[in-house]
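Every number here is computed from the coordinates shown, using simple stated rules; none is lab data. Everything numeric here is computed off the predicted structure, so don't read it as measured data. Here the Cβ positions follow ideal geometry from the backbone for every residue, glycine too, while neighbour counts run over all protein chains shown.
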Amino acid sequence: MTVKIAFASNDRRLVNQHFGAAEAFAIYEMSETDSRLVEVAEFIETAMDGHEGKLAAKIELLNGCAAVYCNAVGASAIQQLLAKGIQPMRVDECSAIDDLLGCLQKNMRSEPPAWLAKHLKKQASVDRFADEEEWQE
C-alpha cells in the first residue's frame, strides 16, 4: 500500500517553506519500504503575493496526499487542509525530507500515527471496492 506525502520545499531536500508562501511542493509516494518523488509543483512569485486563491490552488494541488509537511501553517489553511483529508505537519526549518520519509516508513511498519492509520484504512477500503467485480445491470 502506498501513500502520497507533500513537502513545502524549494530545493527538494529540506522542508524550508511556510505553507501559504511555499514556492514549491515536492510530492513523494511511499510504502513501508520504498519512496520516490512523483511530482514537483512550483508557483510563480506573483501568484503567491496577495492572490486571493493561493490557498485553494495549493490545497487542490495536494488532493490525494495524506499529509503536507511545512515550517508553519495558518489557521485557515489548517481548516481547509483537514476538510480535504490532508494532515498539516509542522516541522523545524531545514528538516531533511529523506529523514522524515524514513520515520514515516518505520511508523507504517509498526505503529502509524492516527492520521496515517486513518488514511491507510480509507485507502484500503477504496482499493478493496475497486478490486471487486464489475457491476452487472
**Item:** Residue order, fewest to most surrounding Cβ atoms within 10 angstrom, among Leu62, Leu120
**Value:** Leu120, Leu62
**Request:** Mind putting a number on the dipole of the chain about its Cα centre? Charges go on the C-beta only, +1 for Lys and Arg and -1 for Asp and Glu, and I need it in Debye to the nearest 20.
**Result:** 480
**Request:** Return one number: the angle in degrees, 0 to 90 and rounded to the nearest 10, between the long axis of the Cα atoms of helix 97-109 and the longest principal axis of the Cα atoms of the chain.
**Result:** 20
**Asked** For Ala56 and Ala114, what does the FRET efficiency come to when R0 = 25 Å and r is the distance between their Cβ atoms, rounded to the nearest 0.05?
**Response** 0.40
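Got the relative contact order for the chain handy, in percent, Cα pairs under 8 Å and 6 or more residues apart?
Relative contact order, the chain: 26 percent.
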**Fill in**
Going fewest to most other Cβ atoms within 10 Å around each Cβ, His119, His18 line up as His18, His119
**Asked** Taking the simple approach of a point 7 Å from Cα along Cα-to-Cβ for both Arg90 and Ala75, what is their distance in nm?
**Response** 1.3
**Request:** Using label points projected 7 Å from each Cα along Cα→Cβ, tell me how many nm separate Lys121 and Asp99, to one decimal.
**Result:** 3.1
**Asked** How would you rank Lys58, Lys4, Lys121, going from fewest to most other Cβ atoms within 10 Å of each one's own Cβ?
**Response** Lys121, Lys4, Lys58
**Message:** Full-extension gain between Asn63 and Glu29, please, as 0.36 nm times their residue separation minus the C-alpha to C-alpha distance.
**Reply:** 10.9 nm
**Item:** Selection from Ser125, Cys103, Ala24, by position along the positive dipole direction of the chain (Cβ)
**Value:** Cys103
**Asked** On a 0 to 90 degree scale, rounded to 10, what angle separates helix 114-131 from the longest Cα axis of the chain?
**Response** 50
**Complete:** Flagged as over-length at 22 Å C-alpha distance, from Lys84/Lys106; Lys58/Lys121; Lys4/Lys121; Lys54/Lys122; Lys54/Lys121, the pairs are Lys84/Lys106; Lys58/Lys121; Lys54/Lys122; Lys54/Lys121
